[in-house]
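Trainee: One structure follows; several queries about it will come next.
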Amino acid sequence: MKKLIYLFFAFALSYLHAAQLPAGFSETRIAENLDPTSMVLASDGRIFITIKSGKILIVENGLLRSDPFLQLEVDNFNERGLGHMVLDPNFQINQYYYVYYTVKGENRNRISRFTANGNFTLPGSEVVLLNLNPLSGTIHNAGAMVFGADGTLFVAVGDGANTATSQSMTSLLGKILRINTDGTIPSDNPFYNSASGDNRAIYALGFRNPYSMAIQPGTGKIYVSEVGGSNFEEINHILAGKNYGWPMIEGYRTSQTPPANYQDPVYAYDHGQGCAVIGAAFYNPTLAQFPASYQGMFFFADYCAGYIKMINPTSGVLAGTFATGISRPLAIAVAQDGSFYYLARAGLGGGSEQDNTSTTNGSLWKVVYTGSGVPTLSSHPASTLIPVSEDASFIVSASGSQPLTYQWQKNGVDINGANAQTFVFTNAQLSDDGSEFRCRVSNSLGSAFSSVAVLSVTSNTRPIPVIHTPNAGSTYRAGESISFSGSASDAEDGTLPISSLTWKIDFHHDDHTHPGLSPFSGLSAGNYEVPKTGETSSNVWYRIYLTAIDSEGLTETTYRDVFPATVEITVQTNPIGLQLNLDGQLVDTPATITSVIGLTRVFEAPFSQTDLENLYTFTNWSESVTGRIYTFDTPAENISLTAMYETIPQGEGTGLAGFYFSNQIKTFSESPSLVRIDPIIDFNWGGGGPEGVGNDNFTIRWLGEILPQFTETYTFYLLADDGIRLWVNDGLIIDKWIDQAATEWSGSIALTEGQLYPILVEYYELGGNSQVRLSWSSSALPKQVVPASQLFSNDLITSINLQKESISVYPTLTRQELFIELGTAQSIHIFNQVGKRIYDSPALSAKHTIAVSNWPSGLYFVWTEMGLTAKFIVQ
């Protein structure tokens, strides 16, 4: 992208504002408060949204699920992070999907395969397919992926901020790659014989940042939206072995000397029309909802200009503008039902690293065609052949201003009472053979007729298919085969040949189905191997269909259901009541699940977890399994599993001392208006602020010590809106003292178990929303807000009540000596302006003389053992 790519101006549209669409279209916001990078539409209607910080979220039935489908540790800075995903062509069967992300700590992007389990991902299922070359910068990551018609995976890779990589055959950067689903490289790739190693995956070269990619159903054309440099944006048709010119040529070639096998873009536009082409989608759905003028068009967007336009992929000519007024469109997609989706990233704008890193303003929108109001037919009735005395059904789908009315006709004459989308013509006779049926759909604005469906009626009877095996009541086990066989006869034709038989197997789960075995003909028997992975619910079964067709074209279908053999698996923890990850989903224990025998289950015990009082770390499974992830095939008898944990001592801390400075931005020059102990740093004040401090223009300093529970490298995370800094053990590990939307930054440091380390957090809020959160993680500790038990505020001021009664401090502005007089002999303590105790004097006298000539300039507080306080300044 280019903003995810150095844009230097703000695009000021509000993300809450709807787009401007052509007449007859409307849109609905489906999800908001996102930090998106891309999306994928599944055939079952789910929408997978990739979140830049490392999550994949699912929209199901129009609602955004709160639990992530996947959560990865990624390098989330500037344009780096979790980029794109794609579903395997056989996703409904094998549950495979593929992710492109920046590997944390490795300065490279990676393509990995994962295995889904419903709305979750199986733990430990990542298979790394390809690690890309190290990056030269934090921009131009790309990452779009599509599957070709032959089942190979195409991957778009940016140049990683080094233009030289785009033309180099010894780097995967700046390329379109083509690999197999197991990470191997197809031998028919164009450079397979001339390149070596992973570079044989190169399919095309000469790209800067090909962020978006789409393949056209039917034709197999692959188009890439290529984010350009200073002058032009490009849409390229990807062809084997072609060179697309970056960095020598940008936009259409004019007088430049082209590289070998150069390919001009299908379409290009200069920066007077936008500055970052983004999104790619062909409008070729199974059910076309948009008018004919939109069908087959290629849609693209511009991130800066906020529009969606389309080109004719045959001619390469701009076909018009579809939408305007979008706050940073990011991705577009077409659903099989003909509806249209787009993601808007929104954000602060400006193109800075912090703006590119994170936003909370992203949103998902659905666009549908409602028409000009005049009825429009989107599906038409189909012609049918039936035996005499049977019923024939016809159905239409239509859109337009409501209410719509339906009137079916037979041979051009209205049928009394036939006023619904579906019409059933009952008890057809031979005299009805050749009858024509159509439907008139009307509203107050007009009417439209469907196409004609012809009814054919025959005196012949339907064939009779019979399933011989599996027997009624048969069960199956995962990993084993279901054998099926059958035959068919017909009153007129006798025994039908096997070429007249068609088999199909559907996998049923709850109230929906997944394809098991696609229809095939020409066999009287066969075997279907039941997968050992995939859907883990026990509410599943297979439905085996046998369809027979006779010589006249009459068909009949029968089916048999085969249900699974199951057992119960009980899982628990010691101590009781902790959580375990069962096939990608966290559950409270003890829990009992019903499992299909033979099905592969993946149970993961989190390395560490906490309850209200203790921290626990995993030791072993009761079955003496090595490692936290326990993968097994469900046995034929009930079993019980226990994850064993040991208790890790927690600290006795109570939090950090918080110093709140009103009406100060980035400075701590005045005395704090509020001092208190904060058990944790996890505040989201929204548009407000801390009570007594104000809503805007304030600064906070938290000071104290932190106690690690393990000896290892800890990663600290600070989520902040606006500026933030963190010191641990006097080392500055996070320094983002900048105006920003809510953004999470991280830094790492090695710490020793049981040792107290000084910690200092500084935060400022300029205006708008205010939020700050301090978290940590390590290999032994899951990411969590740093708990109060591990934070200490020893020797720090916990309250300030400035008063002058019974205490005299003079001069209040001094450089050499300070005099303090008390009503009685009391011990005194002096703190600096950040709350650190720097001086103590025992209760030997009611008068104290203190030399301050070597003290740093600044504000100081006097605190007596009786709670009297005062302040003074050293010049």
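The values are calculated or read from the model by the stated rules, or taken from the named source; none is laboratory data. Remember, predicted model here, so these are calculated numbers, not experimental data. Glycine also receives a Cβ, built like all others from the backbone with ideal geometry; neighbour counts cover every protein chain displayed. In case anyone asks, the SASA skips ligands and DNA or RNA and just uses the protein heavy atoms, side chains included. Shrake-Rupley method; radii C 1.70, N 1.55, O 1.52, S 1.80 Å.
Trainee: Condition first: surrounded by fewer than 24 Cβ atoms within 10 Å (Cβ to Cβ) and more than 23 Å from Phe340 (Cα to Cα). Now tell me which residues in region 270-313 satisfy that.
Mentor: Asp270, His271, Gly272, Gln273
Trainee: Just a yes or no: is a residue in region 653-667 open to solvent by less than 40 Å² (accessible area, probe 1.4 Å) and within 30 Å of Leu34 (Cα to Cα)?
Mentor: At the first step, the residues of region 653-667 found to be open to solvent by less than 40 Å² (accessible area, probe 1.4 Å) are 653, 655-662, 664.
Okay, now just the ones that are also within 30 Å of Leu34 (Cα to Cα), so none.
No - not one qualifying residue is present in region 653-667.
Trainee: Pull up region 244-269, narrow it to residues that are among the hydrophobic types (A, V, I, L, M, F, W, C) and within 19 Å of Asn312 (Cα to Cα), then point me to the one that is most open to solvent (accessible area, probe 1.4 Å). Spell out how you get there, then give the answer.
Mentor: Looking only at region 244-269, we keep the residues that are among the hydrophobic types (A, V, I, L, M, F, W, C), and these are 246, 248-249, 260, 266, 268.
After this cut, where a residue has to be within 19 Å of Asn312 (Cα to Cα) as well, the list is 266, 268.
Numbers: Val266: 36, Ala268: 13 Å².
Per the stated criteria, the residue is Val266.
Trainee: Please go through region 623-646 and give me each residue that is at pLDDT below 90 and of a type outside the set (A, V, I, L, M, F, W, C), ordered by number.
Mentor: Within region 623-646, Glu623, Ser624, Thr626, Gly627, Arg628 qualify.
Trainee: Could you check how many residues of region 625-663 are assigned to a strand (DSSP E or B) and not hydrophobic (A, V, I, L, M, F, W, C)? Walk me through it before giving the result.
Mentor: First, the residues of region 625-663 that are assigned to a strand (DSSP E or B): 629-633, 639-648, 656-662.
Filter once more, keeping what is not hydrophobic (A, V, I, L, M, F, W, C): 630-631, 633, 640, 642, 645-647, 658, 660, 662.
Counting residues in region 625-663 that are assigned to a strand (DSSP E or B) and not hydrophobic (A, V, I, L, M, F, W, C) gives 11.
Trainee: Where residues in region 539-598 are over 30 Å from Ala643 (Cα atoms) and not in a strand (DSSP E or B), which of them is most open to solvent (accessible area, probe 1.4 Å)?
Mentor: First, the residues of region 539-598 that are over 30 Å from Ala643 (Cα atoms): 541-563.
Okay, now just the ones that are also not in a strand (DSSP E or B), so 550-554.
Values: Asp550: 12, Ser551: 100, Glu552: 77, Gly553: 33, Leu554: 1 Å².
Step by step, filter region 539-598, then rank; the result is Ser551.
Trainee: What residue, of Gln289, Gln273, is over 23 Å from Phe25 (Cα atoms) and among the polar types (S, T, N, Q)?
Mentor: Working: Gln289 fails: over 23 Å from Phe25 (Cα atoms).
Checking each option against the conditions leaves just Gln273.
Trainee: Which of the residues that make up region 72-98 are more than 26 Å from Ala478 (Cβ to Cβ) and not acidic (Asp, Glu)? Lay out the reasoning, then the answer.
Mentor: Of the residues in region 72-98, the ones more than 26 Å from Ala478 (Cβ to Cβ) are 72-86.
Residues satisfying the conditions are Leu72, Val74, Asn76, Phe77, Asn78, Arg80, Gly81, Leu82, Gly83, His84, Met85, Val86.
Trainee: Sticking with this structure for a sec: Please find, within region 485-497, the residue that is surrounded by the most Cβ atoms within 10 Å (Cβ to Cβ) out of those that are in contact (Cβ under 8 Å) with a residue 24 or more places away in the chain and in a loop (DSSP other than H, G, I, E, B).
Mentor: Pass one, region 485-497, residues in contact (Cβ under 8 Å) with a residue 24 or more places away in the chain: 485-493, 496.
Filter once more, so that each one left must be in a loop (DSSP other than H, G, I, E, B): 491-493, 496.
Working: Ala491: 11, Glu492: 13, Asp493: 17, Leu496: 19.
That would be Leu496.
Trainee: Right, something else. Restricting the search to region 739-756, which residues are open to solvent by 50 Å² or more (accessible area, probe 1.4 Å) and either touching a helix residue (DSSP H, G or I) at 6+ places or on another chain (Cβ under 9 Å) or farther than 12 Å from Leu719 by Cα (or both)? Show your work before the answer.
Mentor: Step one: of region 739-756, the residues open to solvent by 50 Å² or more (accessible area, probe 1.4 Å) are 739, 744, 746, 748, 750, 752-756.
Selection gives Asp739, Glu744, Ser748, Ala750, Thr752, Glu753, Gly754, Gln755, Leu756.
Trainee: Is it the case that Thr324 is open to solvent by 20 Å² or more (accessible area, probe 1.4 Å), in contact with a strand residue (DSSP E or B) (Cβ under 6 Å, 6 or more places away or on another chain), in contact (Cβ under 8 Å) with a residue 24 or more places away in the chain and farther than 20 Å from Ile51 by Cα?
Mentor: Working: open to solvent by 20 Å² or more (accessible area, probe 1.4 Å): yes; in contact with a strand residue (DSSP E or B) (Cβ under 6 Å, 6 or more places away or on another chain): yes; in contact (Cβ under 8 Å) with a residue 24 or more places away in the chain: yes; farther than 20 Å from Ile51 by Cα: yes.
Answer is yes for this residue.
Trainee: Still on this structure, I have one more. For region 580-621, enumerate the residues that are more than 21 Å from Phe710 (Cα to Cα), modelled with pLDDT of 90 or more and polar (S, T, N, Q).
Mentor: Asn581, Thr589, Thr592, Thr594, Ser595, Thr600, listed by residue number.
Trainee: Grab the strands (runs of 3 or more DSSP E) fully contained in region 328-443, keeping just those with 3 or more residues being under 28 Å from Pro217 (Cβ atoms), open to solvent by less than 60 Å² (accessible area, probe 1.4 Å) and among the aliphatic types (A, V, I, L, M). Please lay out each step first, then the result.
Mentor: Details: elements: 329-334, 340-344, 362-369, 376-379, 384-387, 392-395, 397-399, 405-410, 422-425, 435-443.
Qualifying strands (runs of 3 or more DSSP E): 329-334, 362-369.
Trainee: Here's another thing I want to ask about it. Hey, can you tell me all the residues within region 701-720 that are open to solvent by 10 Å² or more (accessible area, probe 1.4 Å) and more than 23 Å from Arg676 (Cα to Cα)?
Mentor: Listed by number, the residues that qualify are Gln709, Phe710, Thr711, Glu712, Thr713, Thr715.
Trainee: Still on this structure, please answer the following. Being open to solvent by 10 Å² or more (accessible area, probe 1.4 Å) and of a type in the set (Val, Ile, Thr) is the filter; apply it to region 763-806 and report the residue that is modelled with the highest pLDDT.
Mentor: Per the stated criteria, the residue is Val785.
Trainee: Which count do you get for residues in region 684-700 that are closer than 23 Å to Lys836 by Cα, aromatic (Phe, Trp, Tyr) and surrounded by fewer than 22 Cβ atoms within 10 Å (Cβ to Cβ)?
Mentor: Of the residues in that region, 0 qualify.
Trainee: Is at least one residue of region 710-719 touching a strand residue (DSSP E or B) at 6+ places or on another chain (Cβ under 9 Å) and in a loop (DSSP other than H, G, I, E, B)? Reasoning before the result, please.
Mentor: First, pick out the residues of region 710-719 that are touching a strand residue (DSSP E or B) at 6+ places or on another chain (Cβ under 9 Å): 710-719.
Retained after the next criterion (residues that are in a loop (DSSP other than H, G, I, E, B)): 710-711.
Yes, the conditions are met somewhere in region 710-719.
Trainee: Could you check region 721-733 and list, in sequence order, the residues that are crowded, with 22+ Cβ neighbours inside 10 Å and among the aliphatic types (A, V, I, L, M)?
Mentor: Ile724, Leu726, Val728
Trainee: Looking for something in a loop (DSSP other than H, G, I, E, B) and open to solvent by less than 20 Å² (accessible area, probe 1.4 Å) - is there at least one such residue anywhere in region 20-30? Walk me through how you get there before you give the answer.
Mentor: First pass over region 20-30, keeping only residues in a loop (DSSP other than H, G, I, E, B): 21-24.
Going one step further and asking which of them are open to solvent by less than 20 Å² (accessible area, probe 1.4 Å), we end up with 24.
Yes, because at least one residue in region 20-30 is in a loop (DSSP other than H, G, I, E, B) and open to solvent by less than 20 Å² (accessible area, probe 1.4 Å).
Trainee: So, one more: Kindly provide the set of residues from region 50-68 that are open to solvent by less than 20 Å² (accessible area, probe 1.4 Å) and either farther than 22 Å from Pro515 by Cα or small (Gly, Ala, Ser) (or both), ordered by number. Step through it out loud before you land on a result.
Mentor: As a first pass, look at region 50-68 and keep what is open to solvent by less than 20 Å² (accessible area, probe 1.4 Å): 50-52, 54, 56, 58-59.
Residues satisfying the conditions are Thr50, Ile51, Lys52, Gly54, Ile56.
Trainee: Output the residues belonging to region 551-565 that are farther than 29 Å from Ser474 by Cα and either out of contact with any strand residue (DSSP E or B) (no Cβ under 7 Å at 6 or more places or on another chain) or not hydrophobic (A, V, I, L, M, F, W, C) (or both).
Mentor: Pass one, region 551-565, residues farther than 29 Å from Ser474 by Cα: 551-554.
The answer is Ser551, Glu552, Gly553.
Trainee: Let me ask you something else. Under 8 Å between Cβ atoms, at least 6 apart or on separate chains: pull out the pairs that start in region 844-863 with a residue that is on the phi < 0 side of the Ramachandran plot and end on any residue that is part of a loop (DSSP other than H, G, I, E, B) and among the charged types (D, E, K, R).
Mentor: Close Cβ pairs satisfying both conditions: Val852/Arg815; Ser853/Arg815; Leu859/Glu670.
Trainee: Can you find, within region 458-484, the residue that is most open to solvent (accessible area, probe 1.4 Å) among those that are in contact with a Leu (Cβ under 9 Å, 6 or more places away or on another chain) and of a type in the set (Gly, Ala, Ser)?
Mentor: Checking each candidate, the answer is Ser459.
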